[in-house]
Amino acid sequence: MNVRRQPTVPGPRAPQVLVLAKTPEPGRVKTRLCPPCTPVQAARVAAAALADTLDTVATATAGTRVLVVDGDHPAPGGWTRLAQRGGPLGDRLAHAFGDTRTAGTATLLIGMDTPQLTAAHLDDALELLCRPDGPDAVLGPADDGGWWTLGLREPGHASVLRAIPTSVASTRQLTLAALRHRGLRIHLLPRLRDVDTAADAHAVAASCPPDSRFAVAVATDVPAPTAVAR
């Protein structure tokens, strides 16, 4: 029988998980889904992605779980809620790490754009950060050139994110270069696809359980791509 490895660091020092998210309001989230979606449909897809992500994080082996949110979306029971602060995304990411920093506690941050995420993805990353001989950082590459997760044994190193442009094809490589410039040892995690466009939504939904909130929302609210006429 295969038994999934679990982090072995005791509770107070177990890595914490941050979920960076926007409150799923029409016109503020998943705007690249419009068209073909309406803003209301896009918000429903975003809400489903966030709900599935929070459920997955709740089942992972972690210490503190923190929803770092833009807007008034509530945190699940047993979580900590923290308001995002800062301007550009890189600044908000750095603040998320800094504002939750606890001495001796590693931090793993994810977003709400990878609802296909599993507890195994998270537990593998958390275990690496727990190992005394493990890497200083873990990074999950995204198909679009960015990253879907960043974990740091020492969260203070997240200050480098302020100078890195986000949502560009070179975001991941620039992040890796900045962390390596600090002498950090980095472990790359499996590649995942972010949900930005309708094509992304359908591709990611196909890798989710068919009864998941996200898969159901995509089937209901995201028109299927149409074949190009010849």
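Select from the range 28-48 the residues that are polar (S, T, N, Q) and more than 14 Å from Asp200 (Cβ to Cβ) and write down the one among them that is nearest to the chain's Cα centre (by Cα).
Gln41
Could you count how many residues in the range 68-87 are farther than 19 Å from Leu161 by Cα and crowded, with 18+ Cβ neighbours inside 10 Å?
0
For the range 186-213, what are the residues that are in a loop (DSSP other than H, G, I, E, B) and either within 16 Å of the chain's Cα centre (by Cα) or surrounded by fewer than 16 Cβ atoms within 10 Å (Cβ to Cβ) (or both)?
Result: Leu189, Pro190, Arg191, Arg193, Asp194, Val195, Asp196, Ser207, Cys208, Pro209, Pro210, Asp211.
Could you give every pair whose Cβ atoms fall below 7 Å, whose first residue belongs to the range 157-180 and is under 18 Å from Ala106 (Cβ atoms), and whose second residue is in a helix (DSSP H, G or I) and open to solvent by 40 Å² or more (accessible area, probe 1.4 Å), counting only separations of at least 6 or pairs across chains?
Ala158/Gly98; Leu179/His157
Which condition does Gly104 not pass, out of (1) over 15 Å from the mean Cα position of the chain (by Cα); (2) at negative phi, if it passes all the others?
(2)
Take the conditions in a loop (DSSP other than H, G, I, E, B), open to solvent by less than 40 Å² (accessible area, probe 1.4 Å) and either out of contact with any Lys or Arg (no Cβ under 9 Å at 6 or more places or on another chain) or within 24 Å of Gln16 (Cα to Cα) (or both) and apply them to Gly183. Does it pass?
In short, no.
Look through Gly63, Gly90 and report the one residue that is open to solvent by less than 40 Å² (accessible area, probe 1.4 Å), more than 28 Å from Ile164 (Cα to Cα) and touching a residue at least 12 places away in the same chain (Cβ under 8 Å).
Testing whether each residue is open to solvent by less than 40 Å² (accessible area, probe 1.4 Å), more than 28 Å from Ile164 (Cα to Cα) and touching a residue at least 12 places away in the same chain (Cβ under 8 Å) leaves just Gly63.
Identify, please: which residue in the range 56-107 is in contact with an Asp or Glu (Cβ under 7 Å, 6 or more places away or on another chain) and not aliphatic (A, V, I, L, M) and is, among those, farthest from Pro26 (Cα to Cα)?
Ranking the candidates gives Thr61 first.
How about the range 96-149: which of its residues are farther than 16 Å from Val66 by Cα, touching a Pro at 6+ places or on another chain (Cβ under 6 Å) and open to solvent by less than 10 Å² (accessible area, probe 1.4 Å)?
Scanning the range 96-149 gives a single hit, Leu129.
Just to be sure before I move on: is Ala224 small (Gly, Ala, Ser) and either in a helix (DSSP H, G or I) or touching a strand residue (DSSP E or B) at 6+ places or on another chain (Cβ under 7 Å) (or both) in the structure I sent?
No, not satisfied.
Hey, can you tell me all the residues within the range 133-153 that are without any contact (Cβ under 8 Å) to a residue 40 or more places away in the chain and either in a strand (DSSP E or B) or within 17 Å of Thr107 (Cα to Cα) (or both)?
Asp133, Trp147
Do you know which residues across the range 214-230 are modelled with pLDDT of 95 or more and open to solvent by less than 80 Å² (accessible area, probe 1.4 Å)?
Of everything in the range 214-230, those that are modelled with pLDDT of 95 or more and open to solvent by less than 80 Å² (accessible area, probe 1.4 Å) turn out to be Phe214, Ala215, Val216, Ala217, Val218, Asp221, Val222.
Inside the range 168-180, can you point out the residues that are over 16 Å from Gly140 (Cβ atoms) and either open to solvent by less than 50 Å² (accessible area, probe 1.4 Å) or not basic (Lys, Arg) (or both)?
Matches in the range 168-180: Val168, Ala169, Ser170, Ala177, Ala178.
The values are calculated or read from the model by the stated rules, or taken from the named source; none is laboratory data. A quick note: this is a predicted structure, and the numbers were derived from the prediction, not measured. FYI the Cβ positions are ideal-geometry reconstructions off the backbone, even for glycines, and counts take in every protein chain you see. Note: areas computed on protein heavy atoms with side chains; ligands, DNA, RNA excluded. Shrake-Rupley method; radii C 1.70, N 1.55, O 1.52, S 1.80 Å.
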